[in-house]
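No lab work stands behind these numbers, since they all come straight from the coordinates. Everything quoted here is computed from the prediction, not taken from an experiment. No Cβ is skipped: glycine too gets one built from the backbone with ideal geometry, and neighbour counts run over all protein chains shown.
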């Protein structure tokens, strides 16, 4: 275990976004260490678009965990070496001031944000851990794929140990560092089983069977495939739980059996998922989505649910427990098979997979490797 250390996490997600591995790591580490969780910076370009300045938030989540929003930086920092260096300098001044206020010395850097290798070097940490959960170069936006790959290479080379959620990500990083370990995402089964009766009532008037999704609804979410399936399965209800924008609402407004329930507290996730008859992982098929380790799979499996999903490489090992599709037409047949599943042993096998992928076991393995 890691004990009595100062740990600095540079994350790609805000702390109160839907909880993922990043927030869970922060909470777990803060049980026995002091932790600063830096939320990712916004650029002045986003400030110009929104016309609203986001404050530099600081929140004490617990005695050992402080969440701090990094300041605004210049756009195009993942296209230009000069701008990237300038952003690293700006962030360095801010971060060092925070360290001084909090008396943070001799710290470990735990990285999800790979954008600023120059900053990380200049902070002179005790050691660096890189936890790779995505193919960063596959993200869209004001970035150069080659520049992002170079940033990740630099981070990999200066890290003492690297964790990757898939074999594909690990193999890529082993070119730069031999100390790479595959640690897929997981689930807290005890939490899901104990919270399945959360007293939700907004599903009471929704007709069964319910084909559901609980999670983020971002650019990788294939809404067109869900609409296509809903129009075919008019007798089923398609329930999507997660924050959505006005464009999404308009696209589904004429599909009467799609229900957008919006953001829900994560404590209610077990109640909703346990009410689904079939669960969805409806991602667009691209380089990014095929190389993820979807933590919602293990959340679905904690209840033994039948899951319809694109053929994510990490999930192919569970092919006997899943229903794959690669096109809008194929999602129809996958849902039909899932709805008609009558083998009770499949449900028990899925629950066992969830138990074998507990967060605690994964985190303990990771923490041991940091100082091995």
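Taken along its three principal axes, the alpha carbon spread of the stretch 189-356 comes to 41, 37, 29 Å, from the longest extent down to the shortest.
Say R0 is 22 Å: what FRET efficiency, to the nearest 0.05, do residue 286 and residue 80 get from their beta-carbon distance? After rounding to 0.05, the efficiency reads 0.30. Between the stretch 166-225 and the stretch 1-45, the alpha-carbon centres lie 19 Å apart. Restricting the calculation to Cα atoms, every distinct pair contributes to the Kirkwood radius of the stretch 50-173, found to be 15.8 Å. Note on the stretch 122-165: the alpha carbon radius of gyration divided by the globular reference 2.2 N^0.38 Å gives 1.25. Going from the fewest other Cβ atoms within 10 Å to the most, the residues 277, 188, 267 appear in the order 267, 277, 188. Between residue 253 and residue 193, residue separation times 0.36 nm minus the direct Cα-Cα distance comes to 18.2 nm.
Over what distance in Å are the Cα centres of the stretch 60-109 and the stretch 273-297 separated? That distance is 32 Å. Compute the long axis of helix 223-232 from its Cα atoms, compare it with the longest principal axis of the Cα atoms of the chain, and write down the angle in degrees, 0 to 90, nearest 10. Taking the Cα atoms of the chain, the angle to 223-232 is about 10 degrees. How much FRET efficiency would the formula 1/(1 + (r/R0)^6) give for residue 124 and residue 355, where r is the Cβ-Cβ distance and R0 is 35 Å, rounded to 0.05? Given R0 = 35 Å and the Cβ-Cβ separation, E is 0.25. Sorting 136, 195 from the fewest to the most surrounding beta carbons within 10 angstrom yields 195, 136. When each of the peptides 100-110, 2-12 is scored by how many other beta carbons lie within 10 Å of its residues on average, the order from highest to lowest is 2-12, 100-110.
Relative contact order of the stretch 43-148: what whole-number percent is it, with Cα pairs under 8 angstrom and at least 6 residues apart? Dividing the mean separation by the residue count of the stretch 43-148 yields 23 percent. Note: relative contact order over the stretch 258-372, using C-alpha pairs below 8 Å and six or more positions apart, is 25 percent.
Ordered from longest to shortest, the equivalent ellipsoid semi-axes for the chain are 36, 23, 20 Å, each the square root of 5 times a Cα gyration tensor eigenvalue.
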